[in-house]
């Protein structure tokens, strides 16, 4: 019996040594004999019919492999949900940078000239660039009404609340696109031969998503497609669905050429052509009692999905379910939709709809407080969900979460009261104004409703003759700690040292489908399955009498080869079983949306410099209840990383659009925070447990994305009394809001141009 | 640009890489990053941006931290180059590696080689850095995963341990 | 990487005379490359039109910093790191040392050069306003000899300079007479490091008997060239600093500049912030705090 716990301690990252020695092997570090390099010819119009494709005669096209849509053996689509997105455009393009042709050459330096040597003539078609244009439906660019998906959530008697309301509070809130900006660009190597089919090595989150997409694209059976995940340099959702596209491209070139093909994007291409966070607009209309309690209201939420459906319906789903925040709504109507525009499709990015609708909710709470005449702290206290109450989707809160206590603790940790008092004094003079703002929120972990049942995840644990154990999952490591956490869980279940447990590289020929590495589900759901599979392994050995109920690691090590000699392999599998009392109605969008919610209160302290109109975050407190912290250092790292991205979302990261295309597609001009831009981010955890998660864990990967932006914009309002409802909030935006009247004079002949 | 322009000849470039005398045949304008990765198979330095913003390609050139994506290989002739692969014997390497592992300084790991070299460069010049020094020393290395906090901790810890020994 | 290195010639004569001969032999054909922090970004993006480059990174005459009684002479290929580390420069020309610390991160400061910054002639370059207020003088050199050019007349338009097709900047010299001035610099970028400036102020001021004896103001990123605010300076000379004067200075400064809307910022924002920075400096000068 172990006298210490592995789960709950900060064991070192399982693949950490390779990472700190530069030995970790990412896609671009790998080459195969005879390998070619691939490139993509992309659309330079937002929407149009392809009329003519010409090839510059000065390029020696014989040297190149060329692939068009006609070369696709299976179905020309990236299989995901609606299957409306072509792998290669054929006849019509629907967004700038849409892939049309593929080229490959042995010398990567020869590709740019060839790509530039392809000229495409288009017959332009009417296009739509914004959500507003799209919802007006004067130009239809997708389906019959530009709408990928819509949801309606209703609870209580919304129409009846208005007459009782002492206040009716309205607000409109916007969030912009955000680029995931993983430091490793999208990349893949593909090989093809008639016997084995397609093999792909890639930087990716979901090997089985790519596997499914390639099966469809090539018309191949399961066992003729192999997907292997390489060390992945950051993902954040940006490598959830996009890799299916780039893998399809590389595989088509490999098939056409008979040689392995590597496609690795450079930063400019990755930024301009791949997915981003869905821009959003939320409208709130809330009936509030005279003491600030929410009586009911209407929430309208719309997201911009770009040109094809991809994952928009699911992002919309999560945004819809989180739109009411951690508050009790006696009545509510939530109407949401995802609409099409002629821009590159938007996709998964940490938070996945929740940061968007929670930004609105948390800004709106401060607005309600203002109208009612109470503090932002008080308005939240009066509306927090409690044990036994129901959420907007009528999910009963079954855990004793005390959000008031969480709020109290966050206020204490951030020295909120004292600072507020001090700032009021200090702000009277000088050009620097300080403010402090809060955000309270929740984040549901795992797939929504019956999603986990649909995923039907399978996990394996295997022991070798050497007595070492391997975890078999398709769950990917991309920095967030999958390898470490799952090995910790297995080691603890098997009562073995952490060092004796490894995790297999996700390879669809070698590991079962444990579901995609998304939705903050890995520690909680896959971890639970790993624990079950490990217990199963123990029981297998116990049943044969090779191991007692209590045993030492040495006894385990001795038992394995004996078992394997008699039975061939020593493996145990565990499959997901949906909990009995979890009921979700997909039609009415009602019921138990998630197996567990994590809860949080974040506090941001900012300085607004009125000389430069810039906002700096000076201090940040992130307090969250997460069920169980499996690895404290890794968990804290998830929070600080997510908060940093949230600060970027709020203050720095603006996608500049021009004609449906990202104009600032370079790191010089798309601004993420550096080491001198971020405040100390102070992280604190509480643990209430979770009956549906491994060791009581809840998902934490995406939670930290939800709080920073509203906390910061709340703090800015606290500092200067100006109400901003749109992010990113740049100095130029602050300036426009504060522009003194005597500066109405226009500056001498400003010239539009680029510097 | 004349499309049939003659290709420029490759030339021999000699330098020292991780203590070994090396010779490559390369076009003078090939990026040092590509020569290290493709010719010398030293893939620790990474391309994150190709514009000298992210620091993932950082290496030490004659003792100076530089972005190897911005150095034409011809300018590295005669230089003493150290990449992450050559750091194992460096006195700062063990404390940094241990500290990075203990503190969570590496998540996805793609920025880590550059980050560690930047930390080495900093600590060689400022063995007892305050937090402002650490922030400034790493300002040219972007990390998207950690939010930097645990990297700062790791560098500070490594510095303390180094001073203590 | 969007360029084919096979198409680019890079020669390294290794000494100044040989370099100048090559450039004279084919004027405007050879792009000098020092640290490469500008050129290589364009190259990687496939946007470098020049196919012939001449390496000036390794020329010793361009790397020296010499201290004379009246002036300091900085070799054009001195890096920002070298500037920051030089005792006289950090002590006597803090605006230049500060600008050097703002340019990129450490890795780019180890490679970027002052001469490269000047020759690249971006109005957003961090060190150029400092050179304007310090009355920098450039020595330009070619096979035809050398000539001195006051930095104030070096830039003639957006990315246009008086540098001839066969000329290099050999050194930048600064008169050593600003130690008694209050110096103040502020760069406004999208973030605190690794940012191209939206507005950048370098300012020097000296008071005597309660009035402005000398004031020098230069701004980057508000015009096609880095700009000395001569109009504002003339208006301020000899005056006592009061709130009403500061407001006039703000408006005068805003009338001298011609900022634009671009991918990074807006003309209106730049104008307002430029005005604010000038006002902030004058308030500081009035308080008499030395940097």
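The values are calculated or read from the model by the stated rules, or taken from the named source; none is laboratory data. These numbers come from a predicted model, not from an experiment. Methodologically, a virtual Cβ is constructed for each residue, glycine included, from the backbone with ideal geometry; neighbour enumeration extends over all protein chains shown.
Against the criterion of being in contact with a strand residue (DSSP E or B) (Cβ under 6 Å, 6 or more places away or on another chain) and part of a loop (DSSP other than H, G, I, E, B), residue A:103 does not qualify. The set of residues in region C:175-185 that are in a strand (DSSP E or B) and either buried (at least 23 other Cβ atoms within 10 Å of the Cβ) or within 14 Å of another protein chain (Cβ to nearest Cβ) (or both) comprises C:183, C:184, C:185. The one condition from (1) farther than 24 Å from residue B:43 by Cβ; (2) modelled with pLDDT of 95 or more that residue A:23 does not meet is (1).
Residues in region A:219-260 that are within 14 Å of chain B (Cβ to nearest Cβ) and part of a strand (DSSP E or B): A:229, A:231. Please verify whether region C:50-64 includes one or more residues that are over 23 Å from residue C:22 (Cα atoms) and either surrounded by fewer than 18 Cβ atoms within 10 Å (Cβ to Cβ) or at pLDDT 95 or above (or both). No, region C:50-64 has no match at all. Residue B:162: away from chain C (no Cβ under 11 Å) and at pLDDT below 95, yes or no? For residue B:162, the condition - away from chain C (no Cβ under 11 Å) and at pLDDT below 95 - is met.
Would you check if residue C:113 is under 17 Å from the mean Cα position of the chain (by Cα), under 30 Å from residue B:139 (Cα atoms) and modelled with pLDDT of 95 or more? Yes. Counting only strands (runs of 3 or more DSSP E) wholly contained in region A:280-376, the ones carrying 1 or more residues that are free of Cβ contacts under 8 Å to residues at least 60 places away in the same chain, in contact with a helix residue (DSSP H, G or I) (Cβ under 6 Å, 6 or more places away or on another chain) and buried (at least 24 other Cβ atoms within 10 Å of the Cβ) occupy A:294-304.
Tallying residues that are assigned to a strand (DSSP E or B), more than 16 Å from residue A:109 (Cα to Cα) and facing another protein chain (nearest Cβ under 9 Å) within region C:4-55 yields 5.
So which of C:82, C:125, C:99 ends up being outside the structural domain of residue C:221 (by TED's automatic domain parsing), touching a residue at least 60 places away in the same chain (Cβ under 8 Å) and closer than 21 Å to residue C:168 by Cα?
C:125
Counting only residues that are under 21 Å from the mean Cα position of the chain (by Cα) and over 30 Å from residue A:495 (Cβ atoms), region A:437-452 holds 11 of them.
Residue-by-condition table, conditions (1) under 25 Å from residue A:24 (Cα atoms); (2) not in a loop (DSSP other than H, G, I, E, B):
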{"site": "A:474", "(1), (2)": "yes, no"}
{"site": "A:478", "(1), (2)": "yes, no"}
{"site": "A:484", "(1), (2)": "yes, yes"}
{"site": "A:490", "(1), (2)": "yes, yes"}
{"site": "A:526", "(1), (2)": "yes, yes"}
{"site": "A:529", "(1), (2)": "no, yes"}
{"site": "A:539", "(1), (2)": "no, yes"}
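Among the residues in region C:188-195, are any part of a strand (DSSP E or B) and in contact with a strand residue (DSSP E or B) (Cβ under 7 Å, 6 or more places away or on another chain)? Scanning region C:188-195 turns up at least one residue that is part of a strand (DSSP E or B) and in contact with a strand residue (DSSP E or B) (Cβ under 7 Å, 6 or more places away or on another chain).
Restricting the search to region C:186-244, which residues are at positive phi and buried (at least 24 other Cβ atoms within 10 Å of the Cβ)?
Listed by number, the residues that qualify are C:194, C:221.
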